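Just so you know, all these numbers are worked out from the coordinates, no wet-lab data involved. Since we're looking at a predicted model, the values are computed, not measured. With ideal geometry, Cβ positions are generated from the backbone for all residues, glycine too; neighbour counts draw on all protein chains shown.
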There are 2 protein chains.
Amino acid sequence: ANLPPAKTGHVASQDEKREFMSLFPDIVRDLTEVGSLSDIPDAQKWYAKVLQYNAVGGKMNRGLAVSLSFKIIASPELIKPETIREAHLLGWCIELLQSFFLIADDIIDGSDMRRGKPSWHCHENLGLSAFNDAILIEAGIYKLLHKHFRNAPYYMDMLDLFHEMTMNTALGQALDLLSCPAGQRPNLSKFTMERYNSIVKYKTAFYSFYLPIALSMYMAGIRNTDNVRVAGITDRELHRQARTILVEMGQFFQVQDDYLDCFGDSSVTGKIGTDIGKGKCTWLSVVALQRASPSQRAVMEKHYGIPEQSSIDTIKALYKELGLRATYRAYEDSTSSMIRTHIQQISRGLNHNVFFNFLDKIHKRSR
Amino acid sequence: ANLPPAKTGHVASQDEKREFMSLFPDIVRDLTEVGSLSDIPDAQKWYAKVLQYNAVGGKMNRGLAVSLSFKIIASPELIKPETIREAHLLGWCIELLQSFFLIADDIIDGSDMRRGKPSWHCHENLGLSAFNDAILIEAGIYKLLHKHFRNAPYYMDMLDLFHEMTMNTALGQALDLLSCPAGQRPNLSKFTMERYNSIVKYKTAFYSFYLPIALSMYMAGIRNTDNVRVAGITDRELHRQARTILVEMGQFFQVQDDYLDCFGDSSVTGKIGTDIGKGKCTWLSVVALQRASPSQRAVMEKHYGIPEQSSIDTIKALYKELGLRATYRAYEDSTSSMIRTHIQQISRGLNHNVFFNFLDKIHKRSR
Ligand SMILES: [Mg+2]
Ligand SMILES: [Mg+2]
Ligand SMILES: [Mg+2]
Ligand SMILES: [Mg+2]
Ligand SMILES: [Mg+2]
Ligand SMILES: [Mg+2]
């Protein structure tokens, strides 16, 4: 029991995950309980099936981050079994938001695998009606929040935040899709690092990184107000601080995701890359264009965004020729240490471990 | 100026519609204003385009119903330009909810036309990324509500109501889709009038009929509380009363929609029917099965849900043979007068005109 943290770290995290997972049956029951919907039992049965297939699996870092962060920042008297359970509930709401977006993203991107099994729209030939199941899952978030938090002082803040994060993610997805509009060749002149950073900030960083920590802050009583907590710094400012760091981390995370889409091991990532064939504005494509000679740029113009395997192979060969794997390794190290520095520069604000814990989860990840 | 109401009715309604429409540019501006999203101008431009194509058009009965009802039920001192404008804003939120569901529904049902023009996913070969635009539109509802109502005493009630209505609609859509699961023949043994009524209650009636009136009630100060307003009747009970009548009206409306899908004039409805080819559980199919001889049932078993034109023609011929057009006319008259009776039976409650006005809008409609 007195082992140093480094040794117990992994075990503690497994325990957390088990505790988190143990709430899932209650989530399904809350969302599919008969009660007022007793006249449509088939829809309720279907909903349970949708949740079981889609809401569980993956790394669950987003969902777990709420309670982990809450335990670090809340005052000790707030930390008790009921509040931990509430933090887990909020974590599940984020996992639902994630699975809402993943179902839609996989249909739109034409991705057939997710978390090592067929994507929902490929499961039992479900097809496009999978969209409606995504809507059901999103609606579940608000049913859970209403059931468990409607009397909490931060209920309205939480609703507003979920709405804002949803809007941001959809705007990011829209930008992502605009980089290669339907029936057109990708517009490579728009593939700049600046644009890339905007896309990933909106489509990934807000909901994956800022959302869990912001929710834990609400639970700890830190809301978007001018209340002064730490020397001279308002709660609103604490949120702004966290947001800045967490958006950086989210962008880092998405660069990794882009790298793994091309160079990752499908048996580890559980999904099959589609970025090159779909002509996505990815970190790899942006860096490739920054470094390409005119003739290499011509290869990009000709083959990028063509779904045929031969074109995809040509692009992958170009990426290797440009040394992008080494560039990525260097980027990973330098970005990770830059983020560490930014965290340490917070002299008055949240406990640094909120950020370090999250960063440790994603550094050098292979899935 | 002193013409009797029957003569001014139409003109007044055109004025209302013009006033309602005149708010649309503000809606687009609210949703796409640069401000905090100045770093993603392309996404904002795209969003404006999505709204312009999808949010306008159609009959707009849902959107207009909020202000019409508000003017009937609110106490005179509440009725002023600012509150009428707020009622219109809420009306636009319902129109956004509608267009969110229509975009998704048209993708899922494979419907290529809507409101006399190509469905959004068919426009400029947009394809499946249209679904992300549906998500953007839904997120717009909450951005508008936050901007204009976050300080209203009924803000939380309204959010909860939009969430509940969204969940109900998605559950209804799930049931609708389950009547003919992907890659399977429709399960005609499940095509009962009871099941049909449940499907349409959830997929149509709540958001199209109860939602606008409930919002006008919130604005008028009638919330889900035990406050007693009329002799011995609580505000909660007023909502229950309205809900019961409005769900009946919504079911009536959906029967009409099903009839028009098969027998309507595309140049009037602005859409092309897909119900027979998709094997939907419709009012026509349920009544047909109730009346079918064993051999006619065999025709249904063989041809219903087959998208080939010859099968569709066979089913339409069967519907005619079974006299379903006359049955529908009789149903329309008897249901309309039954609903009128139910409205008149409300002795203590909302002004009957709230319901009569809405009913008048849909009786004998051809689009
Ligand atoms: Mg994808
Ligand atoms: Mg994508
Ligand atoms: Mg990816
Ligand atoms: Mg349809
Ligand atoms: Mg449909
Ligand atoms: Mg229809």
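Observations
- Value of D in µm² per second that Stokes-Einstein yields for the stretch B:31-173, Kirkwood Rh from Cα pairs, at 10 °C (1.306 mPa s): 97 µm²/s
- Placing pseudo-labels 7 Å out from each Cα toward the beta carbon at A:R340 and A:R229 gives an inter-label distance of 2.6 nm.
- The stretch between A:K59 and A:R365, if pulled fully straight at 0.36 nm per residue, gains 109.1 nm over its current Cα-Cα span.
- Overall Cα dimensions of the stretch A:308-367 - principal axes, largest extent first, Å: 53, 20, 14
- Here the 3J(HN,Hα) profile of the stretch A:102-117, calculated from phi with Karplus coefficients 6.51, -1.76 and 1.60 at θ = phi - 60°, is 5, 4, 5, 4, 5, 5, 5, 7, x, 8, 8, 10, 8, 6, x, 9 Hz, Gly and Pro shown as x.
- Cβ-Cβ distance of B:Q290 and B:K80, R₀ of 60 Å, FRET efficiency by 1/(1 + (r/R0)^6): the value works out to about 0.70.
- Prolate/oblate/rounded call for chain B, Cα gyration tensor, a/c under 1.5 rounded: oblate
- Cα Rg over Rh - the stretch B:196-255, Kirkwood: 1.05
- Take every Cα pair under 8 Å whose residues are at least 6 apart in sequence, average their separation, divide by the length of the stretch A:274-367, and the relative contact order is 24 percent.
- Förster radius 56 Å - calculated FRET efficiency between B:T244 and A:R325 (Cβ-Cβ, nearest 0.05): 0.30
- Compared with the dominant principal axis of the Cα atoms in chain B, helix B:155-178 is inclined by about 10°.
- 28 Å Cα-Cα threshold exceeded, pairs from A:K49/A:K278; A:K302/B:K271; A:K147/A:K361; B:K59/B:K278; A:K147/B:K45: A:K49/A:K278; A:K302/B:K271; A:K147/A:K361; A:K147/B:K45
- HN-Hα J in Hz across the stretch A:201-210 - Karplus 6.51, -1.76, 1.60, θ = phi - 60°, x for Gly and Pro: 4, 6, 7, 10, 5, 4, 6, 7, 10, 5
- Counts of other chain beta carbons within 10 angstrom of each beta carbon in peptide A:187-199 average 1.
- Lys/Arg +1, Asp/Glu -1 at C-beta; the stretch A:32-105 dipole; positive extreme among A:L102, A:I40, A:V50: A:L102
- Within the stretch A:116-221, trypsin sites (Lys or Arg not before Pro) in DSSP loop having at most 15 other beta-carbon neighbours inside 10 Å: A:R150
- Size descriptors for the stretch B:92-184: radius of gyration and Dmax over Cα atoms are 15.2, 50 Å.
- Between the residues A:P118, B:A298, A:Y210, the greatest Cα displacement towards the positive end of the dipole of the protein assembly as shown, with unit charges on the Cβ of Lys, Arg, Asp and Glu, is found for B:A298.
- Cα centroids of the stretch A:256-305 and the stretch A:133-148: 35 Å apart.
- Computed from Cα atoms, the angle from the helix B:61-73 axis to the main principal axis of chain B rounds to 50 degrees.
- Whole-angstrom gap from the stretch B:76-113 to the stretch B:313-360, using each part's C-alpha centre: 24 Å
- Residue-averaged 222 nm ellipticity for chain B, from DSSP H runs of 4+ at -39500 (n - 2.57), nearest 500: -21500 deg cm²/dmol
- Gyration tensor verdict on the stretch B:144-251 (Cα atoms; rounded if a/c is under 1.5, prolate if a/b is larger than b/c, oblate otherwise): oblate
- Dividing the Cα radius of gyration of the stretch A:168-312 by its Kirkwood radius returns 1.10 for Rg/Rh.
- Cβ neighbours within 10 Å from other chains - mean over B:135-144: 5
- Between the beta carbons of A:R236 and A:F356, assuming R0 = 25 Å, the FRET efficiency works out to 0.60 to the nearest 0.05.
- Among the GluC sites (Glu not before Pro) in the stretch A:308-337, those placed in a DSSP loop whose Cβ has at most 12 other Cβ atoms within 10 Å are A:E308.
- Note that the stretch B:293-302 has calculated 3J(HN,Hα) couplings of 6, x, 6, 5, 4, 4, 4, 4, 4, 7 Hz, one per residue in order, obtained from phi through the Karplus relation 6.51 cos²θ - 1.76 cosθ + 1.60 (θ = phi - 60°); glycine and proline are x.
- Inter-chain Cβ neighbour count for B:101-108, averaged per residue, equals 3 (cutoff 10 Å, partner chain atoms only).
- Computed from Cα atoms, the angle from the helix A:5-21 axis to the main principal axis of chain A rounds to 80 degrees.
- Here the stretch B:216-246 and the stretch A:188-225 have alpha carbon centers that stand 41 Å from each other.
- With contacts taken as Cα pairs under 8 Å at a separation of at least 6 residues, the stretch B:156-212 carries a relative contact order of 52 percent.
- Across the options B:H88, A:T282, A:A152, the greatest Cα extent toward the positive end of the charge dipole of the protein assembly as shown (unit charges at beta carbon of Lys, Arg, Asp, Glu) belongs to A:T282.
- Tail fraction, Cα-Cα pairs, the protein assembly as shown, threshold 35 Å, whole percent: 49 percent
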